[in-house]
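J.: Here's a structure for you.
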Amino acid sequence: MQPVLISLLAIIPVNLALGALILLRDRKLLSNIFFSASILFLCIWALGDALLLYGSSDLSIGLGSRLFYIGPMFTALFLVLFSLNFHSQKQVTIGLFGAVLSVVSIGLSVVIALQQTILVADIHIAGYGRNVVVVNPKGWLVYTVYFTTYFAISYLALIKRARRSGVVQKVQLEYVFAGVFLTSIFASITNLGLPLRGQTDYIWLGPLFTMLYVGITAMAILRHKLFDIRGFVLRAGVYSLTALILAVLYVAPIILLMLVVFDLKFHIKDFIIAVIIGTISSTNYNRLRQWFDRTTNKIFFRDAYDPTKLIAELNKALVATIDLQQLLRDTTNLLEHHVHPEYCCFVLKGVDKTSLRVVGDPSIGSRDFSAERLERALRQITENIVITSLLTEEDSGLKTVLHESDIFAVARLTSGRGTKKELIGYMLLGQRKSGKGYDLQDAQVLGAVSNTLVIAMQNALHFEEIQHFNTTLRSQVEEQTRKYRTANEKLKKLDETKDEFISMASHQLRTPLTSVKGYLSMVLEGDAGALKPQQEELLKQSYMSSQRMVNLIADLLNLSRINTGKFVIDAQPTDLRMVIDQEVAQLKESANAKNITLQWVTPTTFSLLPLDEGKIHQVVMNFVDNALYYTPEGGTITLSLTESANAVEFKVTDSGIGVPRELQRHLFSKFYRADNARRMRPDGTGLGLYMAKKVVIAQGGSIVFESEEGKGSTFGFRFAKR
């Protein structure tokens, strides 16, 4: 038989076996169905090639030519459908685009079947060797365009799928792409390009080139679990090899023994002896099988592990301690020993059930890890085990978060059942050190590990709660704080009542005092007739006392407004020079009465400032009035108002008693007065400086203060120019 014919016939059972294995693995997956269909039509192509080139009758050659041209057409069709549905988890459907492509393929195949001369002009039957095929150039050009289009669609579909796939799937796609690319390139040369130039001697190579596609796909199955049949194929091969070696080691000696010793005469005693020998031999089967398992695991199954052994070791570790940190460390060590992830860490809920804490080091596998972002992404799904490579396009958001954090497997740790489940946290695994992805078996193992771990974690968390009794203590403190808060609220209400009383009393007192002050002013000005010197002096003292009462009531009203939130600054363009002039004019008599020199030089020019004129009057009056009270007779008080490019500053400097250094930090507090000030003026309230600071700060300014006991003080304010 011709070597070419043998090659064509030999690839048929190889391809059929691979297609059957893939289809039997999961007959519901689109990618499995379409890949197996493309393999089937590859076999039809090879069969048609054999009949076309080596057929000796018109019937065989006619059938072969039709199969030879129709087979690759449907191979290309199912290759496109496979590319469009790679790793799809949906039910069997080809979609509108796939339906259009299918209709085109079926239509062309019917035309070719009915009118073969569209592609083949003539076939010269040879009595020896291969038949000679003469193609129709015009039809062959259409045939070439068909394949070019379908291969281009396959390439684009595989590239698009790769962009949205996990790391493991991308590697699988690289293999599939390489197989499709190489096969299409070589087959296009021998079966499309050369026939257009009249050269058909090499069309028999087309089906053989498909072995590149099949071979590279087989490598993807063995090395990267494409179609998830790697374990099945390798295990079947391993145990077949084991059975072969057993036959050689045990059965052959028995047969040889029977041939030589028993001279092929089979009696009952011979049977008994054979049974005894077979029994003795079979006792060593497990040892041989275990040796094969260890050896093949190192070669083919580097990621393989014994789930039963893992769970047993985990149970042993979990009962050995009740410390949560130790439990998680032991679990991490076991997973790294058996499953071989690059890292393993835990994200756990805090005691308050809202905060998150990370146990382990996720930065081993990621430069961009956020526990909060991960938790938000995982809320989208309800599965307890999430394998990144098994996520579908519907979970693209979660897949993106996991990829960016280099997380390849997540186990949700929950306690309770049904609707009463409580989330404890998550177990995160990085990529396997070998680069292989996690599969469904790994998901089942991680589920068992998480269920076992949750029970131990609950006990550890209860123990941790007992150890940290401060949680209970904190609740007791919070309860006491609540009681004190309630009491404080009552005090606030009492304080509000006091403020209301002060406000009401101040308003009631202000009207009669204003009248008294006005009438005294009229009498002093001579509206009621001439006054004797002694009368004038007494009335002046009365007028100053009424003025102090008016100022005190104004301070009390402002204090009440501050406490009730009604303190409002009405800023208007204000001439600060005029404000100071007016206050100096009112206090000039008081300064002369105490023989105090009041120095004030009004600036010739000065900018208008956005201030509350009424309240800034009160501040200036307080500073000057205090200086008059606490400066002994014969002293000096200097007022200065300066303007720079950036700020305006007003100062009142006196030569009075000053403020002790250790008391200066309390000076602007409400109702506070220094000891030496109380001795010199017992009737003070301690509200003047407090209110002055409030008014200045509320208008965006700052207080100026310097003092030295026995040498005098400087009070003032500074406003930045806006």
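The values are calculated or read from the model by the stated rules, or taken from the named source; none is laboratory data. These numbers come from a predicted model, not from an experiment. Backbone-built Cβ (ideal geometry, glycine too); neighbour counts: all protein chains shown. Ligands, DNA and RNA are stripped out before the accessible areas are found, and what is left, the full protein with its side chains, is counted by its heavy atoms. Shrake-Rupley method; radii C 1.70, N 1.55, O 1.52, S 1.80 Å.
J.: For the subset of region 345-388 comprising residues that are assigned to a helix (DSSP H, G or I) and modelled with pLDDT under 80, which member is farthest from THR332 (Cα to Cα)? Break it down into steps so the answer makes sense when it comes.
T.: Filtering region 345-388 down to residues assigned to a helix (DSSP H, G or I) leaves 362-364, 371-378, 388.
In the following step, the residues that additionally are modelled with pLDDT under 80 were identified as 362-364, 371.
On the way: PRO362: 12, SER363: 15, ILE364: 14, ALA371: 18 Å.
Taking the candidates together, the pick is ALA371.
J.: Moving on to the next point. Could you tell me how many of the residues in region 690-722 are over 20 Å from ILE657 (Cβ atoms) and in contact with a Ser or Thr (Cβ under 6 Å, 6 or more places away or on another chain)? Outline the logic, then answer.
T.: Of all residues in region 690-722, those over 20 Å from ILE657 (Cβ atoms) come to 691, 693-702, 717-722.
Still in the running and in contact with a Ser or Thr (Cβ under 6 Å, 6 or more places away or on another chain): 718.
Number of matching residues: 1.
J.: In the list VAL584, VAL601, VAL624, which residue meets the criterion of being among the aliphatic types (A, V, I, L, M), within 30 Å of GLU536 (Cα to Cα) and out of contact with any helix residue (DSSP H, G or I) (no Cβ under 9 Å at 6 or more places or on another chain)? So that I can check it myself, show each step before the final result.
T.: Details: VAL584 fails: out of contact with any helix residue (DSSP H, G or I) (no Cβ under 9 Å at 6 or more places or on another chain); VAL624 fails: out of contact with any helix residue (DSSP H, G or I) (no Cβ under 9 Å at 6 or more places or on another chain).
Unique residue meeting the criteria: VAL601.
J.: What is the number of the single condition among (1) at pLDDT 85 or above; (2) under 24 Å from the mean Cα position of the chain (by Cα) that THR331 does not meet?
T.: The one condition THR331 does not meet is (2).
J.: Looking only at residues in region 629-658 that are within 60 Å of the chain's Cα centre (by Cα) and over 19 Å from LYS693 (Cα atoms), which one is surrounded by the fewest Cβ atoms within 10 Å (Cβ to Cβ)?
T.: Let us first name the residues in region 629-658 that are within 60 Å of the chain's Cα centre (by Cα), namely 641-651.
Keeping just the survivors that are over 19 Å from LYS693 (Cα atoms) gives 642-646.
Numbers: THR642: 12, GLU643: 15, SER644: 8, ALA645: 5, ASN646: 7.
Step by step, filter region 629-658, then rank; the result is ALA645.
J.: Can I ask one more? Which residues, counting only those in region 572-619, are in contact with a Phe, Trp or Tyr (Cβ under 8 Å, 6 or more places away or on another chain) and either hydroxyl-bearing (Ser, Thr, Tyr) or assigned to a strand (DSSP E or B) (or both)?
T.: Correct list: LEU609, LEU611.
J.: Among the candidates ASN622, ASN626, single out the residue that is at pLDDT 85 or above, open to solvent by 20 Å² or more (accessible area, probe 1.4 Å) and in contact with a Phe, Trp or Tyr (Cβ under 9 Å, 6 or more places away or on another chain).
T.: Working: ASN622 fails: open to solvent by 20 Å² or more (accessible area, probe 1.4 Å).
Answer to the check: ASN626.
J.: In region 607-619, how many residues are open to solvent by 20 Å² or more (accessible area, probe 1.4 Å) and touching a strand residue (DSSP E or B) at 6+ places or on another chain (Cβ under 6 Å)? Walk me through how you get there before you give the answer.
T.: Step one: filter region 607-619 for residues open to solvent by 20 Å² or more (accessible area, probe 1.4 Å), giving 607-608, 610, 613-615, 617-618.
Now restrict to residues that are touching a strand residue (DSSP E or B) at 6+ places or on another chain (Cβ under 6 Å): 608, 613.
Summing the residues that are open to solvent by 20 Å² or more (accessible area, probe 1.4 Å) and touching a strand residue (DSSP E or B) at 6+ places or on another chain (Cβ under 6 Å) in region 607-619 gives 2.
J.: Given the residues LEU689, LEU641, which is the only one that is assigned to a strand (DSSP E or B), aliphatic (A, V, I, L, M) and within 26 Å of ALA554 (Cβ to Cβ)? Steps first, please.
T.: Numbers: LEU689 fails: assigned to a strand (DSSP E or B).
None of the others qualify; the one that does is LEU641.
J.: I need a count of the residues in region 671-722 that are under 59 Å from the mean Cα position of the chain (by Cα) and under 28 Å from THR574 (Cα atoms).
T.: Within region 671-722, residues that are under 59 Å from the mean Cα position of the chain (by Cα) and under 28 Å from THR574 (Cα atoms) number 30.
J.: Between a residue in region 380-395 that is open to solvent by less than 20 Å² (accessible area, probe 1.4 Å) and any residue that is of a type in the set (Lys, Arg) and not in a loop (DSSP other than H, G, I, E, B), which pairs come within a Cβ distance under 7 Å, given they are 6 or more apart or on different chains?
T.: Taking only residues 6 or more apart or on different chains, the pairs are THR388/LYS399.
J.: Could you please give the count of residues in region 1-26 that are open to solvent by 50 Å² or more (accessible area, probe 1.4 Å), touching a helix residue (DSSP H, G or I) at 6+ places or on another chain (Cβ under 7 Å), modelled with pLDDT of 70 or more and within 15 Å of ASP49 (Cα to Cα)?
T.: Qualifying residue count for the region: 1.
J.: Assess whether GLY418 counts as being open to solvent by 10 Å² or more (accessible area, probe 1.4 Å), at pLDDT below 80 and either more than 22 Å from ARG357 (Cα to Cα) or β-branched (Val, Ile, Thr) (or both).
T.: Numbers: open to solvent by 10 Å² or more (accessible area, probe 1.4 Å): yes; at pLDDT below 80: yes; either more than 22 Å from ARG357 (Cα to Cα) or β-branched (Val, Ile, Thr) (or both): yes.
Answer is yes for this residue.
J.: Still on this structure, I have one more. Could you tell me whether VAL445 is at pLDDT 85 or above and either within 27 Å of ALA371 (Cβ to Cβ) or not basic (Lys, Arg) (or both)? Please lay out each step first, then the result.
T.: Working: at pLDDT 85 or above: yes; either within 27 Å of ALA371 (Cβ to Cβ) or not basic (Lys, Arg) (or both): yes.
Criteria met by VAL445.
J.: GLU342: under 21 Å from TYR305 (Cβ atoms), open to solvent by 60 Å² or more (accessible area, probe 1.4 Å) and at pLDDT 80 or above, yes or no? Spell out the reasoning first.
T.: Working: under 21 Å from TYR305 (Cβ atoms): yes; open to solvent by 60 Å² or more (accessible area, probe 1.4 Å): yes; at pLDDT 80 or above: yes.
Judged against the criteria, GLU342 is a match.
J.: Anything in region 317-328 that is open to solvent by less than 10 Å² (accessible area, probe 1.4 Å) and within 25 Å of the chain's Cα centre (by Cα)? List them, or say none.
T.: Just the residues of region 317-328 that are open to solvent by less than 10 Å² (accessible area, probe 1.4 Å), to begin with: 324, 327-328.
Within region 317-328, just LEU328 meets the criteria.
J.: Moving to a separate point now. Given the criteria of a type in the set (A, V, I, L, M) and open to solvent by 60 Å² or more (accessible area, probe 1.4 Å), does ALA692 qualify? Before you say what the answer is, go through the steps one by one.
T.: Working: of a type in the set (A, V, I, L, M): yes; open to solvent by 60 Å² or more (accessible area, probe 1.4 Å): no.
Against the criterion (of a type in the set (A, V, I, L, M) and open to solvent by 60 Å² or more (accessible area, probe 1.4 Å)), ALA692 does not qualify.
J.: Could you figure out which of (1) surrounded by 22 or more Cβ atoms within 10 Å (Cβ to Cβ); (2) free of Cβ contacts under 8 Å to residues at least 40 places away in the same chain isn't true of TYR438?
T.: (2)
J.: A follow-up question, please. Conditions first: (1) modelled with pLDDT of 80 or more; (2) farther than 16 Å from CYS344 by Cα. ALA460 passes all but one, so which condition is the exception?
T.: (1)
J.: Out of SER36, SER88, which single residue is modelled with pLDDT of 75 or more and either in contact with a Leu (Cβ under 7 Å, 6 or more places away or on another chain) or assigned to a helix (DSSP H, G or I) (or both)?
T.: Details: SER88 fails: modelled with pLDDT of 75 or more.
Every option except SER36 fails the conditions.
J.: Considering each residue of region 576-606, count those that are open to solvent by 40 Å² or more (accessible area, probe 1.4 Å), at pLDDT below 90 and hydroxyl-bearing (Ser, Thr, Tyr), and give that number.
T.: The qualifying residues number 3.
Conditions tested, residue by residue: (1) among the small types (Gly, Ala, Ser); (2) modelled with pLDDT of 80 or more; (3) more than 23 Å from ALA187 (Cα to Cα); (4) open to solvent by 50 Å² or more (accessible area, probe 1.4 Å).
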| position | (1), (2), (3), (4) |
| --- | --- |
| SER56 | yes, no, yes, yes |
| SER65 | yes, no, no, no |
| VAL80 | no, yes, no, no |
| LEU119 | no, no, no, no |
| ALA126 | yes, no, yes, no |
| VAL133 | no, no, no, no |
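J.: Scan region 659-671 and give yes if some residue there is touching a helix residue (DSSP H, G or I) at 6+ places or on another chain (Cβ under 8 Å), among the hydrophobic types (A, V, I, L, M, F, W, C) and without any contact (Cβ under 8 Å) to a residue 24 or more places away in the chain, otherwise no.
T.: Yes; the residues of region 659-671 include at least one that is touching a helix residue (DSSP H, G or I) at 6+ places or on another chain (Cβ under 8 Å), among the hydrophobic types (A, V, I, L, M, F, W, C) and without any contact (Cβ under 8 Å) to a residue 24 or more places away in the chain.
J.: Follow-up question, since we're still on this one. Given the conditions (1) at pLDDT 60 or above; (2) in contact with a Phe, Trp or Tyr (Cβ under 9 Å, 6 or more places away or on another chain); (3) open to solvent by 30 Å² or more (accessible area, probe 1.4 Å); (4) in a helix (DSSP H, G or I), and given that ILE277 satisfies all but one, which numbered condition is not satisfied?
T.: (1)
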